[in-house]
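Participant: There's a structure below that I have some questions on.
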Amino acid sequence: VLREIWRQNGVIERIEGPALTRYDPETGNVEAEFWHHNNELSRLDGGPAVIHYDPTSGNVTSEEYWVAGKLHREGDEPASILYGRKSRKIKKVEYYVNGLAHRDDGSAIIKYRCSFRGNPYAARPNPS
């Protein structure tokens, strides 16, 4: 099985779980989950609507929060989070409101870089 799709009334939808699950062809492990409501990326319980996994370790490599087909998260929380595959440290965060990059207090997109002094992943944005 390479993917599993749930449909309701002809549209991709599932309320209590991912509507589309993609599996790694080599390991058979879950590679990604996509939550849909009314045929759009959306998750009603406030969790991430898109989750990517490392198919070997099973670690989450990225999370995206979608509402009604748009990247969106409230409360000054990132809508997109990218993790390092091995380190599990946050590599990049993106803040979106209604599909637009936006943050009231700070940068909307922040990339973290490796620091060879002390902590290998210092919480500092990359220079643009």
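Participant: Which one, ALA49, LEU82, HIS72, is farthest towards the positive end of the dipole of segment 2-97 when Lys and Arg carry +1 and Asp and Glu -1 on their Cβ?
Facilitator: Most positive-ward Cα: LEU82.
Participant: Given the C-alpha centroids of segment 1-15 and segment 65-108, what is the distance between them in whole angstrom?
Facilitator: 26 Å
Participant: Would you mind calculating the relative contact order of the chain from Cα pairs under 8 angstrom and at least 6 residues apart, reporting the percent as a whole number?
Facilitator: Averaging sequence separation for qualifying contacts and normalising by length gives 13 percent for the chain.
Participant: Which residue fluctuates the most in the chain, going by a Gaussian network model with Cα springs under 10 Å, if the choices are ALA79, ALA32, ALA101?
Facilitator: Taking springs between Cα atoms under 10 Å, the residue moving most is ALA101.
Participant: For LEU41, enumerate residues with amide H under 5 Å from its amide H, sequence gap 5+ or separate chain, H modeled in the peptide plane.
Facilitator: Those qualifying (amide H under 5 Å, at least 5 residues apart or on another chain) are GLY69.
Participant: For segment 67-106, give the magnitude of the charge dipole about the Cα centre (Cβ charges: +1 Lys/Arg, -1 Asp/Glu; no others), in debye to the nearest 20.
Facilitator: Dipole about the Cα centre, nearest 20: 520 debye.
Participant: Sequence gap of 8 or more, or different chains, plus Cα separation below 19 Å: how many lysine pairs satisfy both in segment 1-125?
Facilitator: Pairs that pass both the separation and distance tests number 5.
Participant: Averaging sequence separations of C-alpha pairs under 8 Å and six or more residues apart, then dividing by the length of segment 1-57, give the relative contact order as a whole percent.
Facilitator: Values: 119 pairs, mean separation 16.5, N = 57.
Reported as a whole number, the value is 29 percent.
Participant: Roughly how many Å² is the accessible area per residue of the chain, as a whole number, for a 1.4 Å probe? Provide the component values of the computation, followed by the final result.
Facilitator: On the way: 8240 Å² over 128 residues.
Per residue, the chain has 64 Å² of solvent-accessible surface.
Participant: Taking +1 at the Cβ of each Lys and Arg and -1 at the Cβ of each Asp and Glu, which of SER62, ILE5, ASN98 sits farthest along the dipole of the chain towards its positive end, judged by Cα position relative to the Cα centre?
Facilitator: Result: SER62, furthest along the dipole toward the positive end.
Participant: Give the share of C-alpha pairs in each 5 angstrom bin for the chain, from 0 to the last occupied bin, in whole percents, shortest bins first.
Facilitator: Values per bin, smallest distances first: 2, 11, 17, 18, 18, 15, 10, 5, 2, 1, 0, 0.
Participant: Between ILE90 and ILE109, what length in nm is gained on full extension when 0.36 nm per residue of separation is reduced by their alpha carbon distance?
Facilitator: Here the answer is 5.6 nm.
Participant: Roughly how big is segment 1-64's charge dipole about its Cα centre, with Cβ charges of +1 (Lys, Arg) and -1 (Asp, Glu), in debye to the nearest 20?
Facilitator: Computed about the Cα centre, the dipole is about 220 debye.
Participant: List, in order, the whole-Hz ³J(HN,Hα) value for each residue of segment 32-39 obtained from phi through the Karplus relation with A = 6.51, B = -1.76, C = 1.60 and θ = phi - 60°; use x for Gly and Pro.
Facilitator: 7, 10, 10, 9, 10, 9, 6, 6
Participant: Name the most mobile residue of PRO55, PRO78, PRO18, meaning the one with the largest mean-square fluctuation, in a Gaussian network model of the chain with Cα contacts below 10 Å.
Facilitator: With Cα springs under 10 Å in the chain, the top fluctuation among PRO55, PRO78, PRO18 is at PRO55.
Participant: Using the Cα centre of the chain as the reference point, and only Cβ charges (+1 on K/R, -1 on D/E), how large is the resulting charge dipole? Debye, rounded to the nearest 20. Please list the in-between numbers first.
Facilitator: Working: 18 positive and 18 negative charges, 150 e Å.
Dipole about the Cα centre, nearest 20: 720 debye.
The values are calculated or read from the model by the stated rules, or taken from the named source; none is laboratory data. Nothing here was measured: the structure is a model prediction, and the numbers come from that model. Positions of Cβ are backbone-derived with ideal geometry, glycine not excepted, and every protein chain shown enters the neighbour counts. Ligands, DNA and RNA are stripped out before the accessible areas are found, and what is left, the full protein with its side chains, is counted by its heavy atoms. Shrake-Rupley method; radii C 1.70, N 1.55, O 1.52, S 1.80 Å.
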